[in-house]
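The values are calculated or read from the model by the stated rules, or taken from the named source; none is laboratory data. Nothing here was measured: the structure is a model prediction, and the numbers come from that model. No Cβ is skipped: glycine too gets one built from the backbone with ideal geometry, and neighbour counts run over all protein chains shown. Please note that ligands, DNA and RNA were not included when accessible areas were found on the heavy atoms of the full protein model with its side chains. Shrake-Rupley method; radii C 1.70, N 1.55, O 1.52, S 1.80 Å.
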Amino acid sequence: MDLTTAAGLWLAVILSGLYHGLNPGMGWPLAVSSALFERRRSALWPALGALSVGHFAAMLGILLPFSMMTLLIDYQREIRIGAGIVVIVMGLYLAITRSHPRFLARIPPHRLALWSFLVALAHGAALMLVPIYLGLCALDELDAGHRAASALMATTALALGVAILHTIAMIGSGGAMAYAVHRWLGLQFVSRSWFDLDLIWALSLIVVGVVGVWTAL
């Protein structure tokens, strides 16, 4: 993998995090509502922290199984293509159904970490990272001696790094939006700017999946 490709993939990790954070569906309005309910701006930070913990756990929950797959060493290309196809199918499903899992609405507000974890799984946010992560692995470039000795350790560390960087970008952009709405823009901004992002979200999954398959081929 050349430096340009690697830099592009790491940039995709950051940009997807920023995108997830700005998307209201990932939870920043809940942090605003928590601060308004408690009538203190400092309530934003625990709420944002809980959202980031849940999002991070969802990222690792999807990425770690891939990092522990010994088959990834010998069948990386096939797995990357399969993962890309799964992401495309998820995007098509969300574009067609345009529905939200009802169980998410039943989770009480004080369980923000659990809500963030489940919503990241249900809407494919964690799945979106898989083709990017697999592109970064580049295990086919390791020689035979290093594959057996260090592949699992390297891929697990990479999964952790991707999840951490992505979550930092996500909570940074989402936190900035939550603070701006609470401090300056007010609830009027939310009501006026709120629009249906479901189709955009579904299309973004499809694009990521297509790019993942294309780069694997």
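Do we have any residue at all in segment 109-120 that's at pLDDT 85 or above, closer than 16 Å to Val211 by Cα and either in a helix (DSSP H, G or I) or touching a Gly at 6+ places or on another chain (Cβ under 8 Å) (or both)? The answer is no; no qualifying residue exists. Restricted to segment 139-155, and to residues there that are surrounded by 16 or more Cβ atoms within 10 Å (Cβ to Cβ) and in a helix (DSSP H, G or I), the residue that is modelled with the highest pLDDT is Thr155.
Residue count for segment 29-56 satisfying the condition of being at pLDDT 90 or above and of a type in the set (Phe, Trp, Tyr): 2. I'm trying to understand the selection: among the residues of segment 123-138, which are in a helix (DSSP H, G or I) and open to solvent by less than 30 Å² (accessible area, probe 1.4 Å)? Result: Ala125, Ala126, Met128, Leu129, Val130, Pro131, Ile132, Tyr133, Leu134, Gly135, Leu136, Cys137. Thr5 meets the conditions (1) open to solvent by 60 Å² or more (accessible area, probe 1.4 Å); (2) touching a helix residue (DSSP H, G or I) at 6+ places or on another chain (Cβ under 7 Å); (3) β-branched (Val, Ile, Thr) in every case but one. The failed one is (2). Being surrounded by 14 or more Cβ atoms within 10 Å (Cβ to Cβ), in a helix (DSSP H, G or I), over 14 Å from the mean Cα position of the chain (by Cα) and in contact (Cβ under 8 Å) with a residue 60 or more places away in the chain is a property that Leu48 has. Leu36 falls short of the stated requirement of being under 21 Å from Thr167 (Cβ atoms) and in a helix (DSSP H, G or I). On inspection, Gly61 qualifies as under 28 Å from Ala216 (Cα atoms) and either assigned to a helix (DSSP H, G or I) or open to solvent by 20 Å² or more (accessible area, probe 1.4 Å) (or both).
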